[in-house]
Amino acid sequence: MTLTFQKTIQNPAAVYVLCTEEGKLDKKLISEWTGISADIPFEGKTKESLRIIHPVEKREVVLIGLGNNPGANLWRDIRSVFYKNKASWKGDVILFGDHLNENLVFQITLGLSLAFKNTTSFKVDKTQNGNGHVDAHFIFQTNSDLCIQSGEKAKKLFQVQEKIMTWIDTPSNIKTPAFICQEAEKSALEAGYSIKILNKEELKKQGLYALLAVGQGSINDPAFLILEYKPSVTPSKKIGLIGKGVTFDTGGLSIKPSANMGYMKSDMSGAAAMIGAIELAAKNKLPLEIVALIPLAENSVDAHSTRPGDVISSYSGKSIEVIDTDAEGRLILADALSYMVKNYHPDIMIDMATLTGNIVQSLGYFAAGLFTHNDELANQLIQSGEQTDEKLWRMPLWDDYKTDMLSDVADIKNLSSKPVAGSITAAKFLEYFTEGHTQWAHIDIAGMAFVDSEFTKMRMASAYGVHLIYRFLENLSSK
Ligand code: BES
Ligand code: ZN
Ligand code: ZN
């Protein structure tokens, strides 16, 4: 879709008036656009809407209520309302009421863009994919310049969200580690950050043995991305981001049941979110140094696959007993975490991963699990999630859970001896490779990345995490 922001418009086909404050509607504005001066039965409550035909100009006017003080989830409501009206959309104008501010403009722009988002489609018959072109223009009555900036910022975010949703929704016969490398190269070029790709030979040379062990059963070789953004000013902090990039997770020899295995094309959602976050940081020129490390592999079944019971080495030099080849995410993250600590010494280090089914058992589809020893970091991340409506719930990391990960034959094993607290024991495994980093956080997004939705028949990517991490970086920048 094209979305432009203007202060005036001639002869619109239809007008959408978004009324922000219940009971305090701008009567003059409404009568001007609707052509009706009498009181109309509309209060501006959340999700309230009213369609009027202008008596003289015959133009369609739709009033949409946003209620009092809409919260951080406004973009979701806007997305839903406009998605439902998508088929009958003939207007090219969105007109705000009198009470708009930058936050509202941001959220409305984001929601509207998401409503008209193209679906990821490999249909040969293009008329069937519903991806028609839509024009929308915003007209502002007040605060124009600041609001326009805010709208432009939301558009930038949306473009990155749409792109990473496409990656996540793309099937794994197309989306190989090499595919993600190519996409990251395009992103780096477009946003102006640097990229280095370690291929299989380089992984062997540098000793990323845990990543190699996960990828060795696939025809599509593993790879490791090193993305670096350096601002033109002296950075206030160095931030390390890590994202799980399993392009398909069969479970390996500990193979998953076939029902819904196809959903495992989304097992690179952590990687997608972190690539998106560094792209946005670079595009918006945040005054932070950012390193994103993305381990990429396909966890597949083959004569070369790692077996349950195998003992493998890792970048840290520590040995790992692979009890279950389906607990592969923590293996590739282990190498990325030690690589980050050893070579980059970041002030703050955050990893994001579709790591465990157990976090879905714990939190369902409403929040991601947050694991960190650092209270300040926890609060900053939770607060950023509150601002973007991407909920985080803090989980414990007590050492009581550690003993379950001890192995008889190796330094650590990749699966707990007990079938309980799976997301916590996974986090304890990761902690082992952070070398005691005091500002490390792990975010388990298994329930949030690929979700049932009103917009698709099957599950689709949500882009969870990219806005959250970007907002966290932006908040750090303004400190
Ligand atoms: N990719 C999965 C986790 C997952 C589950 C993501 C559901 C999205 C939705 C991960 O690699 C995995 O297979 N985890 C296992 C761990 C187990 C073997 C300890 C799980 O959660 O069952
Ligand atoms: Zn797995
Ligand atoms: Zn996985």
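Give, rounded to the nearest 20 debye, the magnitude of the charge dipole that the chain has about its Cα centre when Lys and Arg contribute +1 at Cβ and Asp and Glu contribute -1 at Cβ. Can you show the working numbers first?
Values: 49 positive and 56 negative charges, 182 e Å.
So the dipole magnitude of the chain works out to roughly 880 debye.
Which distance in Å, rounded to a whole number, links the C-alpha centroids of region 369-435 and region 146-176?
29 Å
How many percent of the accessible area of the chain is carbon or sulfur, using a 1.4 Å probe?
On the way: 10200 of 20160 Å².
Carbon and sulfur together cover 51 percent of it.
May I ask you to compute the full-extension gain from residue 122 to residue 258, defined as 0.36 nm times their residue separation minus their alpha-carbon distance, rounded to one decimal in nm?
Residue separation times 0.36 nm, minus the Cα-Cα distance, leaves 46.7 nm.
So, R0 is 35 Å and r is the distance between the beta-carbons of residue 345 and residue 8; what FRET efficiency does that work out to, to 0.05? Display every interim value, and only then the final one.
Details: r = 53 Å, r/R0 = 1.52.
E(calc), rounded to 0.05, equals 0.05.
Keeping every protein chain present and rolling a 1.4 Å probe, give me the accessible area per residue for region 2-143 in Å².
Each residue of region 2-143 exposes 50 Å² on average to a 1.4 Å probe.
Mind jotting down the distance between the C-alpha centroids of region 27-85 and region 231-249, whole Å?
One Cα centre to the other: 42 Å.
Tell me the net charge near residue 160. Cut-off is 9 Å between Cβ atoms, residue 160 excluded, with +1 for each Lys or Arg and -1 for each Asp or Glu.
Working: positive: 156, 163, 283; negative: 162, 279.
Summing Lys/Arg as +1 and Asp/Glu as -1 gives +1.
When N counts the residues of region 2-143, how does its alpha-carbon radius of gyration compare numerically with 2.2 N^0.38 Å, as a ratio? Numbers along the way, then the final one.
Numbers: Rg = 15.3 Å, N = 142, 2.2 N^0.38 = 14.5 Å.
Dividing the Cα radius of gyration by 2.2 N^0.38 Å gives 1.06.
Using only the alpha carbons of region 162-477, determine the length spanned along each of the three principal axes and report them from longest to shortest in whole angstroms.
49, 45, 41
In degrees between 0 and 90, to the nearest 10, how far off the longest principal axis of the chain does helix 422-431 point, with axes built from Cα atoms?
For 422-431 against the chain, the angle is about 70 degrees.
Put a dot 7 Å past each Cα toward the Cβ at residue 199 and residue 149; how far apart are the dots in nm?
Distance between the two pseudo-spin positions: 4.6 nm.
Using a Förster radius of 51 Å, what is the FRET efficiency between residue 57 and residue 302 based on their Cβ-Cβ separation? Nearest 0.05, please.
Working: r = 67 Å, r/R0 = 1.32.
The formula returns an efficiency of 0.15 here.
Using only the Cα atoms, work out Rg/Rh for region 175-238, with Rh taken as the Kirkwood radius, to two decimals.
On the way: Rg = 14.2 Å, Rh = 13.2 Å.
Answer for region 175-238: 1.07.
Using label points projected 7 Å from each Cα along Cα→Cβ, tell me how many nm separate residue 389 and residue 32, to one decimal.
Rounded to a tenth, the inter-label distance reads 2.8 nm.
If you count the DSSP beta bridges with both ends in the chain, what percent of them are antiparallel, to the nearest 5? Can you show the working numbers first?
Values: 25 of 66 bridges.
Once the DSSP bridges in the chain are tallied, antiparallel ones form about 40 percent.
Quick check on my link table: of 196/318; 126/196; 7/237; 175/285, which ones sit more than 32 Å apart, alpha carbon to alpha carbon?
Over 32 Å apart, Cα to Cα: 126/196; 7/237.
Pull up all non-local amide H partners of residue 298: gap of 5 or more, or a different chain, and H-to-H distance under 5 Å with H placed in the peptide plane.
247
Taking the Cα atoms only, what angle lies between the long axis of helix 177-191 and the longest principal axis of the chain, rounded to 10 degrees?
50 degrees
Once each part is reduced to its C-alpha centroid, what is the distance from region 266-316 to region 183-203 in angstrom?
What the calculation gives is 12 Å, centre to centre.
Which whole-number value in Å³ per residue fits the convex hull of the alpha carbons of region 209-350? Please list the in-between numbers first.
Values: hull volume 14.0 nm³, N = 142.
It is 98 Å³ per residue.
Past the 31 Å Cα-Cα mark, which pairs from 244/418; 256/402; 153/391; 238/428; 230/413? Intermediate values should be presented prior to the final figure.
Numbers: 244/418 24 Å; 256/402 26 Å; 153/391 22 Å; 238/428 24 Å; 230/413 37 Å.
Pairs exceeding 31 Å: 230/413.
Once you have the Cα-Cα distance between residue 206 and residue 319, take 0.36 nm times their residue separation minus that, and quote the gain in nm to one decimal.
Working: separation 113, 0.36 × 113 = 40.68 nm, distance 1.59 nm.
Stretched out fully, the residue 206 to residue 319 stretch lengthens by 39.1 nm.
Within region 77-148, which trypsin sites (Lys or Arg not before Pro) sit in a loop by DSSP and count at most 14 neighbouring Cβ atoms inside 10 Å? Kindly include the intermediate steps, with their values, before the conclusion.
Details: sites: 79, 84, 86, 90, 117, 123, 126; in loops: 86, 90, 117, 123.
Qualifying residues, ordered by number: 86, 90, 123.
List the aspartates and glutamates whose Cα lies under 14 Å from the Cα of residue 479, skipping any in the same chain that are fewer than 8 positions away.
Leaving aside aspartates and glutamates fewer than 8 places away in the same chain, those within reach of residue 479 are 376.
Mind checking which lysines have their C-alpha under 16 Å from residue 84, skipping anything on the same chain fewer than 8 residues away?
Partners found: 47, 117, 457.
Could you report the accessible area of residue 209 in Å², rounded to 10, computed with a 1.4 Å probe on the protein chains as they sit in the structure?
Per-residue accessible area (residue 209): approximately 100 Å².
Treat each spin label as a single point 7 Å out from the Cα along the C-beta direction, and report the residue 173 to residue 420 distance in nm.
Simple spin-label model gives 4.5 nm for this pair.
Once the Cα atoms of helix 74-84 and of the chain are each reduced to a long axis, what angle between those two axes, in degrees from 0 to 90 to the nearest 10, is obtained?
Tilt relative to the chain: about 70 degrees.
What does the extension gain come out to for residue 39 and residue 190, with contour length at 0.36 nm per residue minus their alpha carbon separation? Please list the in-between numbers first.
Details: separation 151, 0.36 × 151 = 54.36 nm, distance 5.13 nm.
Full-extension gain reported as 49.2 nm.
The values are calculated or read from the model by the stated rules, or taken from the named source; none is laboratory data. Computed from a predicted model, the values in this text were never measured in an experiment. Cβ atoms come from the backbone with ideal geometry, glycine included; neighbour counts cover every protein chain shown. When the accessible area is computed, the model is the full protein with side chains, heavy atoms only, and any ligands, DNA or RNA have been set aside. Shrake-Rupley method; radii C 1.70, N 1.55, O 1.52, S 1.80 Å.
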